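Each value in this text was obtained by applying a stated rule to the coordinates, not by laboratory testing. What you see is a predicted model; the values in this text were computed from it and never measured. Reconstructed Cβ throughout: ideal geometry from the backbone, glycine too, with neighbour counts over all protein chains shown.
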Amino acid sequence: AQSVTQLGSHVSVSEGALVLLRCNYSSSVPPYLFWYVQYPNQGLQLLLKYTTGATLVKGINGFEAEFKKSETSFHLTKPSAHMSDAAEYFCALSGGSNYKLTFGKGTLLTVNP
Amino acid sequence: SQTIHQWPATLVQPVGSPLSLECTVEGTSNPNLYWYRQAAGRGLQLLFYSVGIGQISSEVPQNLSASRPQDRQFILSSKKLLLSDSGFYLCARLLGNTQYFGPGTRLTVL
C-alpha cells in the first residue's frame with residue numbers, strides 16, 4: 001500500500017521568508033514523487049518531480065525538493081516567498097501500475113506582506 | 001500541443017438529475033486518462049482511469065461511471081446525482097511518467 005502524509009494543513013510565512021512544506025511517503029516499490037500547486041478554482045500545475053537520478057530536483061518558480069530515501073521524505077522548499085506563491089500544494093506518489101497517483105491532503109500556503 | 005480541455009467549467013444540478021462531464025485532450029494518441037474528484041475535506045481521489053478506447057478501470061464504488069468512446073475523449077457520467085457528488089472534477093493525462101491536469105469542472109448538486 002502507498003500513502004503520502006503532508007505535515008501541516010496550513011503554513012503561513014512572511015514575504016521573503018523561507019518556505020518549507022513537508023511530505024513523507026510510504027511505498028513498497030521505488031516511488032516517483034511529485035509536487036503540484038493549485039490556485040483557487042484551477043487545475044493542478046506540476047511544480048517538480050523526482051523519478052530517478054539526482055535527488056535534489058529543481059522546479060518552476062524557484063522551488064526545489066530533495067528526495068531522501070532513508071527518511072522517506074520529499075520536502076518542498078523555496079528560499080524566499082513571494083506573494084504569488086500563496087496557493088495549495090499537493091505532494092503525490094506513483095509507484096504502481098498505470099502511474100496512478102496517491103495524493104497527500106494538501107498544504108495551504110499563506111504569504112503575509 | 002498537449003492541452004487538456006474540460007467542459008463545462010461549472011455546473012449546478014438538482015439531486016436526481018443526470019450528469020455528463022467531458023474531457024478531451026490534444027497531442028499524443030492513446031494516452032492514459034484519469035478522472036479525479038476533489039471534495040471538501042476528502043482531498044484528491046482517483047475515480048477512474050483508462051488505458052485505451054473502451055477500457056475503463058474503476059477505483060472506488062460510487063454513483064458515477066466513465067466511458068472512453070474515442071482515443072482522446074473521456075466522459076464522466078451519472079444517471080442520478082447525489083448531494084455527495086458535489087466537488088471539483090479533474091481530468092488528467094499521462095505523458096511519459098507524469099500526469100498533467102486539465103482546468104477542472106466545478107459541480108454543485110442542490
Extension gain, A:Thr51 back to A:Asn98 (0.36 nm per residue minus Cα-Cα distance, nm)
15.4 nm
In the neighborhood of B:Leu90, defined by Cβ-to-Cβ distances under 15 Å, what is the net charge if each Lys or Arg adds +1 and each Asp or Glu adds -1?
+1
Which residues does the label zone of B:Lys79 cover in segment B:10-31, counting backbone N under 16 Å from a point 7 Å along Cα→Cβ?
B:16-20
With Cβ to Cβ distances under 10 Å as the rule, what net charge do the other residues near B:Gln45 carry (K, R +1; D, E -1)?
+1
Taking a ≥ b ≥ c as the square roots of the eigenvalues of the Cα gyration tensor, with a/c under 1.5 meaning rounded and otherwise prolate when a/b exceeds b/c and oblate if not, the protein assembly as shown is prolate
Pop the C-beta distance of A:Ser26 and B:Asn63 into the FRET formula with R0 = 35 Å and round what comes out to the nearest 0.05.
0.70
What relative contact order, as a whole-number percentage, does chain A give when Cα pairs under 8 Å and 6 or more residues apart are counted?
37
Loop-located trypsin sites (Lys or Arg not before Pro) in segment B:1-99 whose Cβ has at most 14 other Cβ within 10 Å (DSSP)
B:Arg42, B:Lys79, B:Lys80
Cross-link partners of A:Lys68 among lysines (Cα-Cα below 22 Å; sequence separation of 8 or more within a chain)
A:Lys49, A:Lys58, A:Lys78, A:Lys100, A:Lys105
Exposed-site-free run, longest, chain A (rule: GluC sites (Glu not before Pro); DSSP loop; at most 16 other C-beta within 10 Å)
A:16-70
Checked against the positive end of the charge dipole of chain B (+1 on Cβ of Lys and Arg, -1 on Cβ of Asp and Glu, about the Cα centre), the farthest of B:Gly52, B:Ala92, B:Ser65 is B:Ser65
Based on the alpha carbons, how large is the Rg to Rh ratio for chain B when Rh follows Kirkwood?
0.95
Could you work out how far the C-alpha centroid of segment A:1-44 sits from that of segment B:60-110, in angstrom?
23
Of all trypsin sites (Lys or Arg not before Pro) in segment A:63-107, the ones in DSSP coil with at most 11 other Cβ atoms within 10 Å are A:Lys69
Got the relative contact order for segment B:1-103 handy, in percent, Cα pairs under 8 Å and 6 or more residues apart?
34
Go ahead and set up a Gaussian network model of chain B, Cα springs under 10 Å, then flag whichever of B:Ala39, B:Ala92, B:Ala66 fluctuates most.
B:Ala39
